[in-house]
1. Does region 55-70 contain at least one residue that is over 24 Å from A141 (Cα atoms), assigned by TED's automatic domain parsing to the domain that holds M136, modelled with pLDDT of 90 or more and surrounded by 11 or more Cβ atoms within 10 Å (Cβ to Cβ)?
2. Name every residue in region 82-133 that is more than 18 Å from the chain's Cα centre (by Cα) and under 15 Å from W68 (Cα atoms), in order of residue number.
3. Give me a count of the residues in region 68-81 that are over 14 Å from the mean Cα position of the chain (by Cα) and assigned to a helix (DSSP H, G or I).
4. In the list G43, G52, which residue meets the criterion of being over 19 Å from Y144 (Cβ atoms) and at pLDDT below 90?
5. Could you identify the single residue in A123, A106, A95, A118 that is surrounded by 17 or more Cβ atoms within 10 Å (Cβ to Cβ) and modelled with pLDDT of 90 or more?
6. Hey, L100 hits all of (1) closer than 26 Å to N156 by Cβ; (2) surrounded by fewer than 17 Cβ atoms within 10 Å (Cβ to Cβ); (3) at pLDDT below 90 but one; which does it fall short on?
7. I want to confirm something. Restricting to region 161-176 and keeping residues that are of a type in the set (S, T, N, Q) and either surrounded by 10 or more Cβ atoms within 10 Å (Cβ to Cβ) or at pLDDT below 65 (or both), which single residue is nearest to T130 (Cα to Cα)?
Amino acid sequence: MSRVFSRNGNWWIDFKDSQGIRRRKKIGPSKRVAQEVLDGILGSVARRQHLGIIEESSIGFAEFADEWMRQVQPTLRPRSRERWFGIVEQHLKPAFPGALRVITQADAQTYVSRRLKAGASAATINREMTVLKHMMRRAVAWEYRSRNPFLDSQGNLVEGLKPLKEPRTNALPDSRGNRPAFGCLL
């Protein structure tokens, strides 16, 4: 059920959004404009419900990163939280100053090459890309983006964004002959 109605000299629209929640909005003094706004909203709702099309959000990467940090913080261990938030603040926000919706695979590859030229280790860059990939997955799940730019049509990670080869460490084995995990020294 949707309709356009007048109240106190202003035209309003009344409709149900894609979650089935009833919404009312005051549009202004023109019935024609109110009807056009309602038609646009209903078209968007129909595309979302029947075709699964999500309109890209105009949120900036920095604003999304702040929202992502608020949402993800309770799920991370303290050291991981400190490391991931440092990566976001020191590296990702400055590297991606625009809108979230304009980040592409090429932007991520450029970021990796810039970090390599700056002297960052492969392990460091892999950790930073892990955070960026997680953010893109959440952007899709939270409907800020319609698709993940780092995945191909089959849902596999695109070739240019595979983790960099990390050198093996020469750490000594422990008393049972096991080498330390993640390159940690004893």
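1. Just the residues of region 55-70 that are over 24 Å from A141 (Cα atoms), to begin with: none.
For region 55-70, residues over 24 Å from A141 (Cα atoms), assigned by TED's automatic domain parsing to the domain that holds M136, modelled with pLDDT of 90 or more and surrounded by 11 or more Cβ atoms within 10 Å (Cβ to Cβ): absent.
2. Residues satisfying the conditions are E82, R83.
3. To start, the set of residues in region 68-81 that are over 14 Å from the mean Cα position of the chain (by Cα) comprises 73-81.
Now restrict to residues that are assigned to a helix (DSSP H, G or I): 73-75, 78-81.
Adding up the residues that qualify gives 7.
4. Values: G52 fails: over 19 Å from Y144 (Cβ atoms).
So the residue among G43, G52 that is over 19 Å from Y144 (Cβ atoms) and at pLDDT below 90 is G43.
5. Values: A123 fails: surrounded by 17 or more Cβ atoms within 10 Å (Cβ to Cβ); A106 fails: surrounded by 17 or more Cβ atoms within 10 Å (Cβ to Cβ); A118 fails: surrounded by 17 or more Cβ atoms within 10 Å (Cβ to Cβ).
Only one candidate passes the filter, namely A95.
6. Exception for L100: condition (2).
7. Looking only at region 161-176, we keep the residues that are of a type in the set (S, T, N, Q), and these are 169-170, 175.
If we keep only those that are either surrounded by 10 or more Cβ atoms within 10 Å (Cβ to Cβ) or at pLDDT below 65 (or both) too, we end up with 169-170.
Values: T169: 21, N170: 25 Å.
Per the stated criteria, the residue is T169.
The values are calculated or read from the model by the stated rules, or taken from the named source; none is laboratory data. The model shown is predicted, which means the values in this text are computed figures rather than measured ones. A quick note on method: Cβ atoms are made from the backbone with ideal geometry, for glycine too, and the neighbour counts reach across all protein chains shown.
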